[in-house]
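First up is the structure itself, then whatever we jot down about it.
Rule-based calculations on the coordinates, nothing more; no lab input. All values derive from a computational prediction rather than experimental measurement. A quick note on method: Cβ atoms are made from the backbone with ideal geometry, for glycine too, and the neighbour counts reach across all protein chains shown.
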Amino acid sequence: MENSEIARIFWQIAELLELKGENPFKIRAYQKVARNLEGLSQNLEEIYKKGGLAALEEVPGIGEAIASHIVELLKTGKVKKYRELLEEFPPSFIELMEVPGLGPKTALLLKKKFKIDSIKKLEKATAQGLLKNLPGFKEKKIENIRKGLELKKKVAGRYLLSEAGEFAEALISQIKKIKGVDKILPCGSLRRQKETIGDLDILVTSNRPQAVLDAFVKLPQVARILGEGPTKSSVILKNNLQADLRVLDPENFGAAAHYFTGSKLHNIAIRELAIKKGLKISEYGVFRGKKRIGGKTEEEVFKAVGLPYIPPELREGRGEIEAARAGKLPDLIELQDIRGDLQMHSKYSDGGNSIEEMAEAARKLGYQYIAVTDHTLSTRVAGGQTEKEFLKELEYIDKLNDRLKGFRVLKGVEVDILPDGTLDYKDAILKECEVVIAAVHSNFKMPKDKMTRRILAALKNKYVNLLSHPTGRLIGKRDPYEVDLEKIMKAAADTGTYLELNAHPERLDLNDAHCLRAKELKIKLSINTDAHSAGNLSDMKYGVATARRGWLEKKDVINTYPIDKLLKFLYAKR
DNA sequence: GCCGTTTTCGGCCCGACTGTTTTCAGTCG
């Protein structure tokens, strides 16, 4: 069972407990563990298999009660406590709380007075004007519920990091033009570079906050104003993305940036540390009693609680605070560390540019090498070549390299792993390549053990030095295929095969938690764009962002190595 | 329900905005 499935159950338990009016700290305990699980690098089921109950209780946020729920779930597929809660409140009722602005108190009231236990019934009741009979319900409140219902239908979940980044850039360029704007910084999950973004959180410092906020809500991109105050406004943009603008005094920049960047889990942990030191941290600074003792920079905030600066990508409450305290923060990889790109396609298969054009574009990015890795026969829809056609491509690359000075095009291939685990090209062909990337491109819906065996077989081939997009997911479009990734990773470690972090913004595969696990298992990765045109080579930044979220350092990523060292690593398996 | 560089019991981050209220509850991040 995946951690995310277990996390979802705990999220739901938390919501149900909220409806019951349970102790808020108990509710938070469930929320906290759910969040923790989403970022956990190891699979809980594995942890339990290996170390039993005791090992489960080692996981942060898991105590006696939650551990027993997990064991029950793993053994029987059910959790009694969860089922009992669900009997009281059906799933359709929980959905009510997904309506923006509608929380547990309101939901409960609606159920009590009008037996409303689904969004459909709520829509009907609003249309019939029933709600005005409720105590504390006047025109505006009813109007807000109506708008919330509309909004829920419209807002289609989360945007890809790449999309949200572009929206943010456009919005920021507008905000910059507003008079009185001092500093401006996109915060929230965008600054933490999460793979998907739910809303834009933008921080501005200014001495004239009201003027800035007034101008902000009048920007042409704004479709609707959700809330307006003297320090903060929330709007829905025309692209249906929510944007929150917070405007604070310039001297609060650091504290505000820290607060607004999150994550929530990280912020809570930092603020708890502050309390232990007799301090208080908020977006307005660091305080000892009423005296403000810092907050102009983020460094000051961390320093106040005795920590070095923690990069935003690490602020997920995944042990970064403990690591910081122990002086063991990773020295995160940076985009400039990348020296080449080991997966891309040319006109020889389904790419849009010639090999020479790809090389030229890569050189402009400051790279020293690329590997061209066109498709093999089975992916005929993607221009996959026969072995004979492929050998001609290799000949061409040799000739091209004679011409290129100070740059190297590596001979590569993205070879299909067929359903039975064999590869699409013979070893005699693979042997001619410097980079052999194995990948699954078909029969995604195999049973887990079969898919695992299929990939394991490919890893055993001594010419395969890289496994591409190991889970096959497309964010928001296709779930990862069923595979025992832990086994795959261990086999990668044993056989000396490297794993890919595919930098395509829709893939980001391996993901951040997988990267962390790979690092624990001492497996090296390669961050590749899988570019199908020269322009796609710039997707590398999304791969590096994910690697940073996965705590990876320069030395963990083979395409940061100079060419000689890289080749040694690539040939180590043969 | 979790957790411990004060604690195995008594804590648990901090503040903004809205709507309906005359001081606050609900929701959100």
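Derived from the Cα gyration tensor, the three semi-axes of the equivalent ellipsoid of the range A:1-112 are 27, 13, 12 Å, largest first. So, in Å, what gap is there between the alpha-carbon centers of the range A:315-357 and the range A:444-503? The distance from the Cα centre of the range A:315-357 to that of the range A:444-503 comes to 19 Å. Using the Cα coordinates of the range A:58-136, the gyration tensor eigenvalues translate into equivalent-ellipsoid semi-axes of 34, 13, 10 Å, sorted from longest to shortest. For the range A:159-248, a simple Cβ point-charge model (Lys and Arg +1, Asp and Glu -1, everything else neutral) yields a dipole of about 300 debye relative to the Cα centre. Given their separation in residues at 0.36 nm each and the Cα-Cα distance between them, A:Lys105 and A:Arg292 gain 63.7 nm when the chain is fully extended. Using only the C-alpha atoms, the convex hull of chain A corresponds to 176 Å³ per residue. Taking amide H atoms as placed 1.01 Å from N in the peptide plane, the amide H of A:Thr471 has no partner under 5 Å among residues 5 or more positions away or on other chains.
Cα extents for the range A:424-549 along the principal axes, largest to smallest and rounded to whole angstrom: 33, 32, 30.
Sort A:Thr106, A:Thr297, A:Thr546 by Cβ crowding within 10 Å, fewest neighbours at the top. Intermediate results must be reported in sequence, preceding the final value.
On the way: A:Thr106 19, A:Thr297 15, A:Thr546 28.
Sorted ascending by nearby Cβ count, the order is A:Thr297, A:Thr106, A:Thr546.
Explain nothing, just the number: dipole magnitude of chain A about its Cα centre with +1 on each Lys and Arg Cβ and -1 on each Asp and Glu Cβ, in debye rounded to the nearest 20. Intermediate values should be presented prior to the final figure.
On the way: 99 positive and 81 negative charges, 437 e Å.
The calculated dipole for chain A is roughly 2100 debye.
Going by the alpha-carbon gyration tensor, a ≥ b ≥ c the square roots of its eigenvalues, is the range A:93-154 rounded (a/c under 1.5) or, if a/c is not under 1.5, prolate (a/b greater than b/c) versus oblate? It is rounded, given that a/c, with a ≥ b ≥ c, falls under 1.5.
Size of the range A:252-325: Rg and Dmax of its alpha carbons, in Å, are 10.8, 32.
Grab the beta carbon distance between A:Ala54 and A:Lys392, set R0 = 35 Å, and tell me the FRET efficiency rounded to 0.05. Here the calculated transfer efficiency is 0.05.
Each residue of the range A:129-138 is assigned a 3J(HN,Hα), and the resulting list reads x, 5, 5, 5, 7, 7, x, x, 9, 10 Hz, derived from the Karplus form 6.51 cos²θ - 1.76 cosθ + 1.60 (θ = phi - 60°), x at Gly and Pro. Listed by Cβ neighbour count within 10 Å, with the fewest neighbours leading, A:Val415, A:Val181, A:Val301, A:Val217 appear as A:Val217, A:Val181, A:Val301, A:Val415.
Once the mean of 1/r is taken over each pair of separate Cα atoms and inverted, the range A:159-248 shows a Kirkwood hydrodynamic radius of 12.8 Å. Simple rule: put +1 on each Lys or Arg Cβ and -1 on each Asp or Glu Cβ in chain A, find the dipole, and look at A:Thr379, A:Ile6, A:Cys433; the Cα lying farthest toward the positive end is A:Ile6.
How would you rank A:His469, A:His266, going from fewest to most other Cβ atoms within 10 Å of each one's own Cβ?
A:His266, A:His469
Would you work out the Kirkwood radius for the range A:346-488? I mean one over the mean of 1/r across all pairs of different Cα atoms, in Å. Mind dumping the intermediate values first?
Numbers: mean 1/r = 0.0626 Å⁻¹.
About 16.0 Å, per the Kirkwood formula over Cα pairs.
Note that the range A:63-76 has calculated 3J(HN,Hα) couplings of x, 4, 5, 5, 4, 5, 4, 5, 4, 4, 5, 5, 7, 10 Hz, one per residue in order, obtained from phi through the Karplus relation 6.51 cos²θ - 1.76 cosθ + 1.60 (θ = phi - 60°); glycine and proline are x. Can you find, among A:Leu516, A:Leu567, A:Ser442, the residue farthest towards the positive end of the dipole of the range A:335-571? Put +1 on the C-beta of Lys and Arg, -1 on that of Asp and Glu. Checking the options against the dipole of the range A:335-571, the answer is A:Leu516.
Taking label positions 7 Å along the Cα-Cβ direction at both A:Glu520 and A:Met1, the computed distance is 1.9 nm, reported to one decimal.
Each of A:Phe390, A:Val217, A:Leu53 was scored by the projection of its Cα onto the charge dipole of chain A, and the greatest displacement toward the positive side belongs to A:Val217; charges sit on the C-beta of Lys, Arg, Asp and Glu.
Relative to the dominant Cα principal axis of chain A, helix A:44-58 is inclined by about 40°.
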